[in-house]
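Written out below as structure tokens is the structure these notes cover.
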Amino acid sequence: MSKPPARTVPPPRGRAPEVEQALSAGEGEGDTIVDTIGDTHRARAARRMTVADVKRSLVLAAARSAFLELGLEGTSLREIARRAGYSPGALYSYFANKEEVYGALLGESLERLNQAVHGAQRQAAATPLDVLLRTTAQAFFEFYRDHPQDLDLGFYLFQGVRPRGLTPRLNEALNRRLQDALEPMREGLLALGTAPACAQAEVTGLFAHIVGLLVLHHTQRIRLFRQDAQELFARYLDELVRRVLAPPGKAPHRAAGQASQDRRDGRDRRDSRAS
């Protein structure tokens, strides 16, 4: 008479499969088992984060294509979900609305802009101050020249002259990152002796000049004038450096800066008398 097969005793309820695997493989007891479980849990958590990051990247890529094609007003969360291959409900795990998606896209764009400008600043740290100013300004210009979609992204929320769609808190955070990218240029102007108020005015003009030239460049409207955006920008930088490095008696920035300070001092005196 043959022997009945040995019964396989199931593991106690509640025991994690990782524990059974460690025990049956002779992995050891106590701390060794705990370490194995911890490693497994960490690996699973890392995989979950990787999957979530991939899904989020797919959503942002789909949103970028939708915004470029349809604009912010013409894009819906449902359209973004369709392009990403998800249900609209699945997107709410990542974003509450399309404005949040836009904010995430613009935020990532501004981070890459900051990396480009601050990277250029670090690489040119040992160069003369006027070269450092040119280098950081050129890095800003080249980022948007080489990534026209990022420039487009910055103007989706403007209908007429009023920005809309972002919460004040998010709008402030995004504006701060834009100012961070412009900060190396302001620092360069200050290092060259430009008065603070005029340095801020020059940075504003520099930003406006970059945007204006690149809009003409990307739309090819600059061909109407038979001009080249890069050459015009280089000429603008030449004039900016020439103004900043002008002798003290002929430096419009220093004179204008002093005039601005005098006006502020006058207002302060009038206010103090009125009070």
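Of note:
- The string of couplings for segment 205-210 from the Karplus curve (6.51, -1.76, 1.60, θ = phi - 60°) is x, 5, 4, 4, 5, 4 Hz, one whole number per residue in order, with x for Gly and Pro.
- Cα gyration tensor category, rounded, prolate or oblate, for segment 97-198 with a/c compared to 1.5: prolate
- The Cα atoms of segment 87-148 cover 55, 20, 13 Å along the three principal axes, with the biggest extent listed first.
- Cα-projected label distance for residue 94 with residue 118, points at 7 Å along beta-carbon direction, nm: 2.5 nm
- Using a probe of 1.4 Å, the accessible surface attributed to residue 79 totals some 40 Å² when neighbouring protein chains are kept in position.
The values are calculated or read from the model by the stated rules, or taken from the named source; none is laboratory data. Predicted model only: the values in this text are computed from it and were never measured. Using ideal geometry, Cβ is built from the backbone for each residue, glycine included, and neighbour counts are taken over all protein chains shown. Accessible surface areas use protein heavy atoms only, side chains included; no ligands, DNA or RNA. Shrake-Rupley method; radii C 1.70, N 1.55, O 1.52, S 1.80 Å.
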